[in-house]
Each structure stands twice: as structure tokens, then as C-alpha cells.
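Every read-out reported here was derived from the displayed coordinates using simple, explicitly stated rules and does not represent laboratory data. None of the values given here were measured: they were computed from a predicted structure. Positions of Cβ are backbone-derived with ideal geometry, glycine not excepted, and every protein chain shown enters the neighbour counts.
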Amino acid sequence: MDKANLRRRILAARAGLSEETLRTSAAATRELLLDQPWVQMAGLVACYWSIGTEPDTHGLILALWKHGATVMLPVQRPDGDLDWAVYDGPDSLAPGPYGIMEPVDERRGVDAIRTASLVIVPALAVDRSTGVRLGRGKGSYDRALARVGPHTPTVALLHEGELLDGVPAEPHDQRVRYVALPGELILLGHP
Ligand SMILES: Nc1ncnc2c1ncn2[C@@H]1O[C@H](COP(=O)(O)OP(=O)(O)O)[C@@H](O)[C@H]1O
Ligand SMILES: [Mg+2]
């Protein structure tokens with residue numbers, strides 16, 4: 001299956017998830033991540049402000065912030081790349097050009113992600129054997145993840161059934177080290 005078809009299939013499956021499933025999945029993923037010492041110890045976390053049926057990050061971001069972590073969220077640039085700005089509580093966000101909430105804080109630049117000690121990204125699917133990530137088709141996170149060093153943990157948040165045997169990949173596609181499913185955090189074994 002090509003990328004476009006796989007994206008359609010996954011988005012259709014996501015459209016069938018109930019509010020209840022979205023809520024319980026988010027809570028399970030949040031608790032699982034917050035239980036990890038390497039998550040608790042991360043001083044600067046790059047995350048994303050979820051929309052629609054994406055694995056919800058709002059509670060996770062609030063908890064990380066309350067625990068004292070600095071959380072950076074993406075600010076979409078017109079060229080498809082991601083700038084970063086710091087979340088400073090529920091009142092620090094405003095709708096960006098695409099309607100997605102973005103921090104109103106100063107832009108830290110596309111390279112700010114290099115300094116994160118933990119990177120949490122959205123994905124539609126991840127390849128179980130290679131860690132290759134499928135996004136929504138803009139390549140924004142391919143550009144962002146390309147700047148992240150090899151020792152920084154990267155985590156894609158998925159719904160059940162989105163960790164797949166075989167995801168179409170092009171040379172620019174970036175990998176993640178972990179996937180977090182509701183109730184299961186998986187360290188991928190790729191080199
Ligand atoms: N490092 C990069 N620099 C510039 N453009 C990129 C880069 N990585 C990806 N892209 C662009 O993003 C487009 C979409 O990438 P794709 O991998 O299909 O999307 P996604 O990762 O969102 O699923 C690619 O066709 C490519 O032109
Ligand atoms: Mg890609």
C-alpha cells in the first residue's frame with residue numbers, strides 16, 4: 001500500500017474512534033509516559049498540541065509542565081518546516097494560521113529541537129521493524145527529526161493497530177526510537 005492509501009485507511013479508522021476511546025487511550029498513554037524515569041527527568045520536551053483524532057497530548061503537556069519540565073510546541077512555518085515556542089500553561093496558546101493552537105511565546109527557531117532531551121511526535125503509523133514514521137504528508141516532522149541527535153529519545157504516539165509490519169518509506173523519512181500505544185510503550189530495535 002502506498003503512503004496516500006495508508007494515510008486514508010488510518011484516518012478512516014481514527015474517524016471511527018469514540019470520544020470514550022480517545023479519552024481512555026490518552027489517559028493510558030499519559031500515565032505510561034509519566035511513569036518512565038527518562039520522561040520524568042527530561043528538562044526540555046518537544047511535543048505537539050494534538051487536534052481531532054490524533055492521540056491526545058493536552059493532559060500530558062499539562063502534567064509535564066506542572067512537574068517543572070519546559071515544553072516546546074511546534075509553530076508551523078509557511079515552508080512546511082517547524083519552528084518551536086515554549087508552552088507556559090493553558091493561557092499561553094493561541095490559534096495559529098491553520099487553526100492549531102500554538103504558543104504565543106517567542107519563536108526559538110527550527111533548530112531549537114536539537115536541544116530537547118525528549119521528543120514526542122505525532123504519527124499515523126510506525127514500522128515495527130525499522131521505526132520509520134508515516135505522517136500526514138507535509139514532511140514537517142521529517143525535517144524536525146532530522147535535527148535530533150541519535151541519543152535523544154524520540155517517541156511517536158499511536159492508537160491501537162497503527163504499529164505496522166511495513167510502512168512505505170522514502171530516503172527522507174525519519175525513524176522514531178519508541179512508540180507509545182495506549183497501555184504499551186515499545187522500544188523499537190532498529191539500529
Ligand atoms: N528534509 C526535508 N527537506 C525538505 N523537504 C522535505 C524533507 N523531508 C520531507 N520533505 C518533503 O515533505 C514531503 C512529504 O513527505 P512525506 O514523508 O510524504 O510526509 P510525512 O512524513 O508527513 O508522512 C516530501 O515529498 C518532501 O518533499
Ligand atoms: Mg515522511
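Taking every DSSP helix (H) stretch of at least 4 residues in the chain, weighting each as -39,500 (n - 2.57) and dividing the sum by the residue count yields a mean residue ellipticity at 222 nm of -7500 deg cm²/dmol. Checking every one of the GluC sites (Glu not before Pro) in the stretch 97-177 against DSSP loop status and a limit of 14 other Cβ atoms within 10 Å picks out Glu106, Glu160.
Backbone geometry of the stretch 80-94 corresponds, through the Karplus equation with coefficients 6.51, -1.76 and 1.60 at θ = phi - 60°, to 3J(HN,Hα) couplings of x, 7, 10, 8, 9, 9, 8, 6, 9, x, x, 8, 9, 10, 9 Hz, x marking Gly and Pro.
When only Cα pairs below 8 angstrom with a gap of at least 6 residues are kept, the chain shows a relative contact order of 21 percent.
Modelled label positions at Glu160 and Leu62, each set 7 Å beyond Cα in the direction of Cβ, lie 2.5 nm from each other.
The convex hull drawn around the Cα atoms of the chain, when projected onto a plane and averaged over every direction, covers 10.1 nm². Measuring between their Cα centroids, the stretch 127-151 and the stretch 52-97 lie 18 Å from each other. A cut-off under 11 angstrom between Cβ atoms defines the neighbours of Pro55, and their net charge, with Lys, Arg +1 and Asp, Glu -1, is -2.
Three semi-axes describe the equivalent ellipsoid of the stretch 60-120; taken as square roots of 5 times the Cα gyration tensor eigenvalues and ordered largest first, they are 18, 15, 9 Å. The label point for Asp105 and the one for Ala4, both projected 7 Å from the Cα toward the Cβ, are 3.9 nm apart.
Shape descriptor for the stretch 1-107: Rg over Rh equals 1.00 (Cα atoms; Rh from the Kirkwood inverse mean 1/r). Rounded to the nearest 0.05, the FRET efficiency derived from the C-beta distance between Ala169 and Ala94 at R0 = 25 Å is 0.10.
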